[in-house]
Amino acid sequence: MKHSKALAAALGAALVLPALTATAAAAAGPAPDDLAFEVATLTGGGCPAGTVSVALTRDDGRDDFLLTVRSSAMRAEGGGDSPQTASRKNCQISLKSHVPEGKTFAVRQVDYSGAAHLEPGATGTMKETHYFQGMPANNVQTKTFNGPYSGAWEHQYHLIELLFRPCGGDRNFNINQEVRLEKGGSDPSKTNFMGIEGTGKTVYHLAVKDCL
């Protein structure tokens with residue numbers, strides 16, 4: 001089930017944790033009752049060091065946390081003076097998760113947003129999957145836009161089955177993102193792009209529960 005609007009989430013009193021970047025992974029540890037994330041590794045042409053940040057918040061509404069991931073380099077281009085290598089950008093993000101003792105979490109919903117400019121004949125695609133370390137990546141989301149299109153875009157994904165992080169031990173939360181641009185029959189002199197950089201972001205709604 002897909003919608004166009006993000007849903008608010010909450011768990012107890014208000015919490016806002018500072019953004020963490022790949023170059024600032026040595027942030028202070030969380031309080032005993034806090035869920036927190038920090039960037040462990042970044043791989044791919046869409047996320048050079050220092051271009052990815054993560055932030056965790058909680059809102060009024062549901063018993064969820066909101067994990068927001070931003071990348072300033074996830075933009076694919078084609079046409080005009082764009083090099084052929086710019087037509088695809090990918091990023092593999094591994095996040096170390098600090099989970100309170102006796103708690104676990106799962107992704108309930110994902111909100112995607114970005115921007116694109118596509119001439120007639122061009123196509124832009126966003127692809128994303130996420131999983132816990134050692135588990136299969138079985139929630140692949142793909143969103144394609146066809147030209148002519150110019151402006152912001154949004155996509156929302158509700159998971160039917162919640163896959164919770166196994167209790168006990170340390171497992172990173174891994175994210176794979178890709179943006180791709182296909183010029184197709186568009187005017188080769190004009191530049192097209194598809195991105196989730198700039199004002200774009202990916203927001204993961206995290207449901208938290210007690211370990212059984």
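The values are calculated or read from the model by the stated rules, or taken from the named source; none is laboratory data. These numbers come from a predicted model, not from an experiment. Cβ sites come from the backbone with ideal geometry, for glycine too, and all protein chains shown count toward neighbours.
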| task | Just one of (1) under 26 Å from Gly50 (Cβ atoms); (2) over 14 Å from the mean Cα position of the chain (by Cα); (3) of a type in the set (A, V, I, L, M) trips up Leu159, so point out which. | result | (1)
| request: Could you grab me the full set of residues in region 70-87 that are in a loop (DSSP other than H, G, I, E, B) and either touching a residue at least 40 places away in the same chain (Cβ under 8 Å) or buried (at least 21 other Cβ atoms within 10 Å of the Cβ) (or both)? | output: Ser72, Ala73, Met74, Gly79, Gly80, Asp81, Ser82
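Give the residues of region 134-149 that are over 16 Å from the mean Cα position of the chain (by Cα), touching a residue at least 24 places away in the same chain (Cβ under 8 Å) and not in a strand (DSSP E or B), sorted by residue number.
Looking only at region 134-149, we keep the residues that are over 16 Å from the mean Cα position of the chain (by Cα), and these are 134-136, 144-149.
Restricting the remaining residues to those that are touching a residue at least 24 places away in the same chain (Cβ under 8 Å) gives 134-135, 145-149.
Matches in region 134-149: Gly134, Met135, Gly147, Pro148.
Can you tell me which residue is surrounded by the fewest Cβ atoms within 10 Å (Cβ to Cβ) among those in region 88-126 that are of a type in the set (D, E, K, R) and within 18 Å of Phe173 (Cβ to Cβ)? Let's see the steps before the verdict.
From region 88-126, those of a type in the set (D, E, K, R) are 88-89, 96, 101, 103, 108, 111, 119; that's our starting set.
Applying the additional criterion that residues be within 18 Å of Phe173 (Cβ to Cβ) yields 96, 101, 103, 108, 111.
Details: Lys96: 17, Glu101: 9, Lys103: 15, Arg108: 19, Asp111: 20.
Step by step, filter region 88-126, then rank; the result is Glu101.
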| field | Counted residues, region 69-95 - those being modelled with pLDDT of 95 or more and farther than 18 Å from Pro48 by Cα | value | 0
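Going by the structure shown, is Val52 modelled with pLDDT under 90 and β-branched (Val, Ile, Thr)? Outline the logic, then answer.
Working: modelled with pLDDT under 90: no; β-branched (Val, Ile, Thr): yes.
Spelling it out, it is not the case that Val52 is modelled with pLDDT under 90 and β-branched (Val, Ile, Thr).
Which residues, taken from region 69-97, are among the hydroxyl-bearing types (Ser, Thr, Tyr) and out of contact with any Ser or Thr (no Cβ under 7 Å at 6 or more places or on another chain)?
Step one: filter region 69-97 for residues among the hydroxyl-bearing types (Ser, Thr, Tyr), giving 71-72, 82, 85, 87, 94, 97.
Thr85, Ser87, Ser97 - these are the residues of region 69-97 that are among the hydroxyl-bearing types (Ser, Thr, Tyr) and out of contact with any Ser or Thr (no Cβ under 7 Å at 6 or more places or on another chain).
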